Every structure is written in C-alpha cells, then in structure tokens.
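The values are calculated or read from the model by the stated rules, or taken from the named source; none is laboratory data. Remember, it's a predicted structure, so these values are computed and weren't measured experimentally. Cβ sites come from the backbone with ideal geometry, for glycine too, and all protein chains shown count toward neighbours.
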Amino acid sequence: MMATGFEVLEPQLRSRDTFRIWAHDKLRFSDTDMVGHVNNTNFSVFCETGRVAFNRQVVFGELDRATHLFLVARVAINMRGEIHFPGQVDIGTGVAAIGRSSFTLGQGLFVEDRNVGTAEGVLVLVDRATRKAMPLPDVLRQSLTQWLLPGASA
C-alpha cells in the first residue's frame, strides 16, 4: 500500500521544530471526561484553533472575503497521547500541500514538549455566489508556499 502525504509528513508533524506558526488553547476542566483525561472530541477543537490562527495570519489578507470563502473538506487526526487538566495545548500549523483549488495544512499538538497529536486538514476555496470550487489566486499560492512544511511540496 502506498503512503499518503499525511503518512509521509507525520514524523515531522511530531516535532515542535517543524512549525513556525503557533496557537494555544487553555485546557478547561469541562474538557475532561469520566476517564479523567481530555476528551478526544477536543482534539478537533484544538486543530480548529490552529487552522483559524493560520488563516488569520497567512490567508485572509490575500482574499476578498466578501466573494470567497474556505470550506473544510477533510480532517484527519492521529491522537498520540493523553492530555490532562490543567494545562495548555500548543498547536503548530503549516502547509503540507498546495493544490489547484485547495491546500492542506499539517498540524502538531503539543503539551509542553510532548507530542499528543498530529492532524491534516484540507481547505477548498469556494466562490460565495456559486458555491463552487475555484482556483487559488497566484498571490495566495505564493503566500502559502512560504509556509510549506519541511518535506512538503507545492
């Protein structure tokens, strides 16, 4: 079986050194479940925090948000370790791939120096009026290229 892009990049996503863009989520007692650790559903919330921070820093300045929007087409998360309250989750985010009308983000989730998860998310650029995918503008493609993760390709 051939490895996917996510599987190829996953070893890099486990290292803090891979990332240049960071976001942080404070753990809440309400994030925990009856087992005593942070519930696995919160991993997707942590990924969203990183994705939004990345988009605000890199993407939104390059688009007319009145006519364009991004839809999340895919999210894959590998939960690599338990998280316990109290604390903080640090979310590193970078570009794993750039397609015609979409780009893929690679993410690493960390508690202190421990990698607790990795994720991949695909965002598709859509025309607000037609709701159809559209090519990434060259200016956005150039901006995304600056944030490619080690081992990723445009």
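Things to note:
- Among residues of the stretch 56-95, those that are within 24 Å of Gly151 (Cβ to Cβ) and assigned to a loop (DSSP other than H, G, I, E, B), counted: 2
- Residue that is in contact with a Leu (Cβ under 9 Å, 6 or more places away or on another chain) and either within 16 Å of Ser44 (Cβ to Cβ) or among the polar types (S, T, N, Q) (or both), where the choices are Val111, Val75, Val95, Val89: Val89
- Considering residues of the stretch 64-83 that are in contact with a Lys or Arg (Cβ under 8 Å, 6 or more places away or on another chain) and modelled with pLDDT of 95 or more only, the residue surrounded by the most Cβ atoms within 10 Å (Cβ to Cβ): Arg80
- If you go through the stretch 108-133 and keep only what is modelled with pLDDT under 95 and of a type in the set (A, V, I, L, M), you end up with just Ala129.
- Residue within the stretch 119-133 that is within 24 Å of Leu9 (Cα to Cα), buried (at least 18 other Cβ atoms within 10 Å of the Cβ) and either out of contact with any strand residue (DSSP E or B) (no Cβ under 9 Å at 6 or more places or on another chain) or small (Gly, Ala, Ser) (or both) present: yes
- All positions within the stretch 16-42 that are in a helix (DSSP H, G or I) and closer than 29 Å to Arg141 by Cβ: Arg16, Asp17, Thr18
- Whichever residue in the stretch 84-93 is touching a Phe, Trp or Tyr at 6+ places or on another chain (Cβ under 7 Å) and not hydrophobic (A, V, I, L, M, F, W, C) and, among such residues, is surrounded by the most Cβ atoms within 10 Å (Cβ to Cβ): Thr93
- In the stretch 1-58, the qualifying residues are those that are among the aromatic types (Phe, Trp, Tyr), in contact with an Asp or Glu (Cβ under 7 Å, 6 or more places away or on another chain) and at pLDDT 95 or above, and the one that is surrounded by the fewest Cβ atoms within 10 Å (Cβ to Cβ) is Trp22.
- Condition check for Ser102: surrounded by fewer than 21 Cβ atoms within 10 Å (Cβ to Cβ), of a type in the set (Ser, Thr, Tyr), under 30 Å from Arg128 (Cα atoms) and modelled with pLDDT of 95 or more: yes
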